[in-house]
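Have a look at the structure below, then the notes.
The values are calculated or read from the model by the stated rules, or taken from the named source; none is laboratory data. Please read these numbers as outputs of a predicted model, since none were measured by experiment. Reconstructed Cβ throughout: ideal geometry from the backbone, glycine too, with neighbour counts over all protein chains shown.
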Amino acid sequence: MDFDIVEIGGRDEENENTKQWFLIAMVYSDSSVRIYSFDPTRLQENFELLLEGTYGSPCLTQALTLNLGHELYLCTAGTDGRIAFWPLTAALQAKGITSIEAQLHRDTALTGTPPATPIQWTSRTQIHQNSIKSLTAIHLSKNETILATAGDDNALAFTRITASSNQDPAAPSCSTLLIPAAHAAAVTAVQYLGPVPSASTAPTLPQHRFATSGPDQRLKFWVLGVDVECAGTDGLEVAKAGNAYTSVADVACLDAFEGGDGGSEGLDKPEHYWVELERKKYCQICHIDRKKADA
């Protein structure tokens, strides 16, 4: 079970001010999908069910909205190891929500609470052997996205998703680079850490940093090189950049942030990128424990 949130812009006709809504996509263990709008300015009935659908029988574990080409997708992942794409643009337009330069806007002239519009997935791709535990994405361009997924099969995968060349929103193309045995146990968490700073002025292959972890009590760091001139996995290169021990016995998730919140001198500089594993912080550059560093 998971959810994702997208901001929606609009205009309050009474006060002539810009309003802010939120689109909340939720996936459930019964394989259902529901998308709500949320209006924080209303005291009552501020949630409205807009769209709903059913994937099948697998439990859905992850949800992520993706702008790809001219289409807004909901990307879902589940216990079958597949990612599925749900085109949302047409269904949202029927609800008065349009996309302008990748920003969602709502027509406030539409009132009332009509019934939810049914949606369905239009394409899916097998990534892992079984459950997908975590996912994150980086946008390379308007038409291309890299999706990183962590699997119950101990694997880490990078899937290059490209908008269809024939403007068909139903089937974006997917090419997957799989790293089997990325951990000695299930990979339960993956987090994007930002681009790798270039040390030279000469043109180099753009590189991006990721962190993964799992019940094997290892915190691993990866560098993904992306050649935008080469299509599919031919343009992807992956290297392991670090492998650190963590005392967290059963890592369920992780998060990352730059800099710090005060502490040892020299540890809050921008070149330190702290990864948080359930209240424990590690620097992905130095592989040091923040608590030990502050001691």
Somewhere in region 89-96, is a residue polar (S, T, N, Q), closer than 15 Å to ARG124 by Cβ and touching a residue at least 40 places away in the same chain (Cβ under 8 Å)? no
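So which strands (runs of 3 or more DSSP E) stay within region 19-102 end to end and still have 1 or more residues that are among the charged types (D, E, K, R) and more than 21 Å from the chain's Cα centre (by Cα)?
Values: elements: 32-38, 47-54, 60-68, 71-78, 82-87, 97-100.
The qualifying strands (runs of 3 or more DSSP E) are 47-54.
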Could you tell me whether region 161-183 includes any residue that is in a strand (DSSP E or B), free of Cβ contacts under 8 Å to residues at least 40 places away in the same chain and surrounded by 19 or more Cβ atoms within 10 Å (Cβ to Cβ)? no
Tally the residues that are closer than 30 Å to GLN217 by Cα and of a type in the set (Asp, Glu), restricting the search to region 139-190. 2
Can you pull out every residue in region 194-243 that is touching a Lys or Arg at 6+ places or on another chain (Cβ under 9 Å), of a type in the set (Gly, Ala, Ser) and not in a loop (DSSP other than H, G, I, E, B)? GLY194, ALA211, SER213, GLY232, GLY235, ALA241, GLY242
The residue that is surrounded by the fewest Cβ atoms within 10 Å (Cβ to Cβ), considering only those in region 201-246 that are modelled with pLDDT under 90 and β-branched (Val, Ile, Thr), is THR201
Can you tell me which residue in region 19-38 is nearest to ASP2 (Cα to Cα), limited to those that are at pLDDT below 85 and in contact with a Lys or Arg (Cβ under 8 Å, 6 or more places away or on another chain)? TRP21
